[in-house]
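The values are calculated or read from the model by the stated rules, or taken from the named source; none is laboratory data. The model shown is predicted, which means the values in this text are computed figures rather than measured ones. FYI the Cβ positions are ideal-geometry reconstructions off the backbone, even for glycines, and counts take in every protein chain you see.
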Amino acid sequence: MTASTHALAPLVLDGVVPYPPEFAQKYRENGIWLDQTFTEFLFASIEQHSEDTALIFGDTRITYGQLGERILTLAAGFERLGIRRGDRVVVHLPNIPDYVALVFALYEIGAVPVLTPIALRLHEIGYIVEESAARGYITTAAHDGNDLAALAAELKSSSSTLEHTIIVGSGGLEPLLAQGTLEHRRRSLPSDVAFLALSGGTTDRPKLVPHTHETYLASVRAAAAMTDITSDTVQLVVLPMSHSFAMRSPGYLSTLAAGGTVVMAPNGSPDVAFPLIAEHGVTIVALVPPLALAWLNSSLKLQHDLSTLAVMQVGGAKFSPDSARRVRPELGATVQQSFGMAEGLHTFTRLDASEDIITTRQGRPTTDADEIRVVDAHDVDVEIGSAGDLLTRGPSTIRGYYNAPQHQHVFTEDGFYRTGDIVVQDADGYLTVTGRSKDQINRGGEKVAPAEVEDLLLAHESVHEASVQGIPDAVLGERVKAFLLPRAGVDPKTLSLPKVRQFLKGKGLAAYKLPDVVELVTEFERTAVGKISKRK
């Protein structure tokens, strides 16, 4: 299975902001961007480790060879279905082995997966299908009590672009698997857009983040080097596989590239994760702070052999120094803090760094090509050790969102991305995240855009005005609180927390975005221009 030398023209997708040619040339000349696609990097590993175990899920073990066969068979099915190079296909699946096989089958034919967390529902998925002009949608029949097959049918009936819906499970993949197999060869270029990810969503809806094979694989390779990933690595994946932290930090991509084993779990609760660590000899795991705290506080840690766990990565939200100091004595693992974003940049604390650094910092960039600026309100660089807004550009950081010129203002004229994070950078380049400058709630690593929830609340017949904010929480970092000004004469009981949550669920809002607290107010304080003053 070798890459073909067939001449291919570059894939041009309208709405993608390219890297300036001089930057692209520099990254290639410096060996940061390589002449390699996603499927080429995986099939190199498949050829070398064909008999070794690639994926474990429950009682299922899949070797690298079996994974390669599954990918090429599914790719033949997609091709027969009419999915072509550049077509967008929304992938909305939980952590299952076919997630990997389906996504790589799309890469094999040059299609562009749109990676969406399984927690999203109709409100978000319908928007994503529309924004990406998706021709395909892949999901499972049901998840967490929700009928996703019905959601797929509703999407197909309402979308002007969606032609194919594929339901994993109950024989839904059989038509794809009945079309023979393809030969692995190059069907896309490293400079092609490989996939679309979702931004954290600081506006009312998430934005689409276009990554090429070059940009993302540069990040994958750098993360693997930073985390000592080898063929002996056994990685437990508990976070959604569509999330950047689960994909490339080092993620399942780095582990598969090295010939290691990926153990997949439906969630990271101690009763699920601890037996898997003991059974499979897990060596590394990535967690958001609430899960890390759940592990530290669980009595089950004394009932399972966790001695193989060498590294616990924590990221997605701020991890308190006091909690970080507990990891080594209580779990026997080195804590490695990570910070990053779907837009590109990610950082790590070094595994051999001092205890002070690994417990108080959120890391430094993985390559010297990642440029960092910490600036004040006038875009003037602040002194080392002073807090400011984080700007970044580099070989894995996009230059613009997909098909979203209205959001280009978050990129400076010279290509720096305004992350919305407030950080302090020390003399060694390590970052400490101190807050957010963008209007966004970070609920245990899941980003919630207040404006999105507010818009839905205003559709409630009893709500006159709404303001959604984050409130401090010892476990999650922040919880979601909705301040509601009722319409005149309504019964306040219609806006109780359970009824508000039920209403938003009915609107198709993801569960993690639902308010944790509702408070009714008689008036809102205003800014000078008449807006609700969230600060007050």
Give the residue that is nearest to SER396 (Cα to Cα), with candidates limited to residues of region 27-53 that are under 22 Å from the mean Cα position of the chain (by Cα) and assigned to a helix (DSSP H, G or I).
PHE38
Restrict the check to region 56-72 and report whether at least one residue is in the same structural domain as VAL220 (by TED's automatic domain parsing), in contact with a Lys or Arg (Cβ under 7 Å, 6 or more places away or on another chain) and in contact (Cβ under 8 Å) with a residue 24 or more places away in the chain.
no
Options LEU42, LEU81, LEU34: the member that is within 18 Å of VAL168 (Cα to Cα) and not acidic (Asp, Glu):
LEU81
Specify which of the listed residues (PRO395, PRO365) is farther than 30 Å from ASP14 by Cα and buried (at least 20 other Cβ atoms within 10 Å of the Cβ).
PRO365
Flagged pairs (Cβ under 7 angstrom, 6 or more apart or on separate chains; first in region 220-241, in the same structural domain as ILE56 (by TED's automatic domain parsing) and touching a residue at least 24 places away in the same chain (Cβ under 8 Å); second charged (D, E, K, R) and assigned to a helix (DSSP H, G or I)) are VAL220/ARG248; ALA223/ARG248
Any chance GLU174 is surrounded by fewer than 16 Cβ atoms within 10 Å (Cβ to Cβ) and either at pLDDT 95 or above or out of contact with any strand residue (DSSP E or B) (no Cβ under 8 Å at 6 or more places or on another chain) (or both)
yes
Give the residues of region 184-222 that are small (Gly, Ala, Ser) and touching a strand residue (DSSP E or B) at 6+ places or on another chain (Cβ under 7 Å), sorted by residue number.
SER191, ALA194, ALA197, SER199, GLY200, GLY201, SER219
Could you give every pair whose Cβ atoms fall below 6 Å, whose first residue belongs to region 426-441 and is closer than 17 Å to HIS346 by Cα, and whose second residue is among the acidic types (Asp, Glu), counting only separations of at least 6 or pairs across chains?
VAL433/ASP421
Out of GLY82, GLY110, report the one residue that is more than 24 Å from LEU509 (Cβ to Cβ), under 22 Å from the mean Cα position of the chain (by Cα) and of a type outside the set (Lys, Arg).
GLY110
Whether any residue in region 343-361 is of a type in the set (D, E, K, R), modelled with pLDDT of 95 or more, closer than 13 Å to THR419 by Cα and buried (at least 21 other Cβ atoms within 10 Å of the Cβ) is what I want to check.
yes
Regarding THR367, is this residue at pLDDT 95 or above and closer than 27 Å to THR230 by Cβ?
no
Checked region 365-416 for anything among the hydroxyl-bearing types (Ser, Thr, Tyr) and either within 22 Å of the chain's Cα centre (by Cα) or outside any loop (DSSP other than H, G, I, E, B) (or both); matches are THR366, THR367, THR392, SER396, THR397, TYR401, TYR402
Being aliphatic (A, V, I, L, M) and over 24 Å from the mean Cα position of the chain (by Cα) is the filter here, so list the residues in region 128-163 that pass it.
ALA150, ALA153
